[in-house]
Amino acid sequence: MSDLWIRIPLTSNYAAAYAAKDVDVDVVAAYPITPQTPVVERIAEFIANGELDAEMIHVESEHSALSACIGASATGARVFTATSAQGLELMHEMLFIASGLRLPIVMAIAARALSAPINIWCDYSDLMATRDSSWITVIASSAQEVYDSIIQMYRVAEDPEVLLPAMVAYDGFIMSHTYEPVYVAKDRAPILEYVPKNFKNRYRLDPDNPITMGAIADPNWYYEFKYQQVVAMRKAYEVVKKADEEFGKRFGRSYGFVETYKVEDVDIALLTYGGLYGTVQEAVDILREKGVKVGAIKLRVFRPFPYNELFNAIKNLKHLVVLDRAITFGGVIEGPVALEIATLLKFKSLDTNLYNYIVGIGQRTVTESDIIGIVDHVSKLIEKNVVPMESIYWGVRE
C-alpha cells in the first residue's frame, strides 16, 4: 500500500489542488478570493509545468467561474473549482443551475464568514447558506480528508444514479493555511482506476447528437424535475457510503458519514464539524483525565444528511451538545446542524436532550478551555433539569 503514496506537508488548500490533479480534471475555472486562492494558484502551477493537462479559465467573477464550469461539464469534461464566502454567494444563482442540469462538478470550499461587517476569517455561514441547493456536501477535518474526499466526490457525483454536483468544505485559514503531513498519489493511475473518466454515462452537449439542456419547464414538468433531484440525493446516500468503503479497501483510508470518539461509556457527547473536532477531542481527553466522562462526534457528510448513522451514534446518549459554527437567523433552533438533529430526535422518538451552542462565529477563538466551560455549563443545566429551547451563544458580549 505504501508504494502508492508519498507523504508531503500540505495545507488543506494544497491538498485540494493535489486531489484535482490526481483525478485528472479537464477544466478549472475560478476567481481568487481569500482564503481559497492558493488552491487554484497551485493548480495553475501544475498546468504550467506539465503535471496536469487541463484548461484553466480565468474569469471576472465567481458567478462566471461556476458558469464556465457548467458549460464545460455539460460537454462531458471533468471539472473543478474552488471558492469562499462572498464568492460562494456570488455563485449562488448558478449552484441551482448546476444541480438542476445534473452536472457532476466538484468544488472545494475554504469556509469563511459572510460580510457585513467584512470578515475574512472562518465560520461556516457561507456553506450553510447553500444547504438547499442540491449539492452533495462533505465537511473535512484534516488536510488528508480534504484530499481523499475530493477524490471520492468525483466517484459519487459522476455515478449515473446520482449526477449531482458536490462540494468539500474545510476551515478557512485554520485548515486552508496550516500545513499537515498528507499522503498523495505517486502516480494517478490507481486513482483513475477508482474514478475512471467516462463522459458517456450521462447526457452531454454533442454536435453529433444534439440535445437541449436547461429549457423552460412549465409547472407540471418543473415539479417532476425537482423530484428527480430528490431521488438522486436519496440514492447518493448509498453511493457516498459505497465510495468511501471502496476507497478504504483500495487505499487504506475511509471516513464514514460520522466519526465517534470515546462515546461508548458516556451520557454526554459533543458533536461538531470541520477543524474544531480536533479541539473537542483534546478537551474530551482533558476532561476524562479529571474523571468527567464525555465523548465527541464529528459530522462529516452534511448532504445527504446521515440520519441513520447519526441515530446509531447518539441513540444511547442522554445529552447531546451540538457545537454549531453558523447561525440560522430566526430559527426555532439557530444552529443549522442542531436543527437537523432536532428533526432526527423527533422522528426517531429519542429521549436525548439537545443543547445547541453557537461558537467560533467569524473565527472567534474556541480553545479546549472553552469546550470544558461548555461541558461545565451543560452539567449545571442538567442538575437544574433545564433544556433551553433557544441556542446558547458561547462567549458573546451581551
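Observations on the structure shown:
- Trypsin sites (Lys or Arg not before Pro) restricted to DSSP loop in the stretch 236-314 with at most 11 other C-beta within 10 Å: LYS290
- In sequence order, calculated HN-Hα J values of the stretch 65-70 (Karplus, 6.51, -1.76, 1.60; Hz; x Gly/Pro): 4, 5, 4, 5, 4, 4
- Annotation note: GluC sites (Glu not before Pro) in the stretch 1-55 located in DSSP loop regions with a Cβ neighbour count of at most 16 within 10 Å are GLU51.
- Report note on the peptides 60-67, 376-383: ranked by the mean count of other C-beta atoms within 10 Å, highest first, their order is 60-67, 376-383.
- For ALA29, distant residues with modelled amide H under 5 Å away: ILE57, PHE80
- Length gained when the stretch MET56-ARG253 is fully extended (0.36 nm per residue, less Cα-Cα span): 67.9 nm
- Once backbone amide H atoms are built at 1.01 Å from N, ILE105 has ALA166 as its partners under 5 Å, excluding neighbours fewer than 5 places away on the same chain.
- Treating each Cα of the stretch 258-393 as one equal point scatterer and applying the Debye formula with no solvent, the log10 of I(q)/I(0) at q = 0.09 Å⁻¹ comes out as -0.22.
- Prolate/oblate/rounded label for the stretch 134-243 (Cα gyration tensor, a/c 1.5): prolate
- 3J(HN,Hα) along the stretch 353-361: 7, 10, 10, 10, 10, 8, 9, x, 5 Hz, from the Karplus curve 6.51 cos²θ - 1.76 cosθ + 1.60 with θ = phi - 60°, whole Hz, x for Gly and Pro.
- Charge context of ILE105, other residues only, Cβ under 11 angstrom, K/R +1, D/E -1: +1
- Spatially proximal lysines relative to LYS315 (Cα-Cα < 21 Å; intrachain offsets below 8 disregarded): LYS241, LYS262, LYS293, LYS298, LYS346, LYS348
- Cβ-based exposure ranking for ARG188, ARG42, ARG234, in which fewest neighbours within 10 Å come first: ARG234, ARG188, ARG42
- Using a Förster distance of 41 Å, the FRET efficiency for PHE311-LYS290 (Cβ separation, nearest 0.05): 0.85
- Three-way shape label, the stretch 1-135, alpha-carbon gyration tensor, a/c 1.5: oblate
- Nonlocal amide H pairs with TYR393, under 5 Å, H built at 1.01 Å: ILE358
- Distribution of pairwise C-alpha distances over the stretch 188-275, 10 Å bins, in %: 11, 23, 30, 22, 11, 3, 0
- Working from Cα pairs under 8 Å separated by at least six residues, relative contact order for the stretch 2-251 is 25 percent.
Since every read-out is calculated from the coordinates, none of them should be taken as a lab result. What you are looking at is a predicted structure, and each value in this text was computed from that prediction instead of being measured. Here the Cβ is made from the backbone with ideal geometry for all residues, glycine too, and neighbour counts use every protein chain on show.
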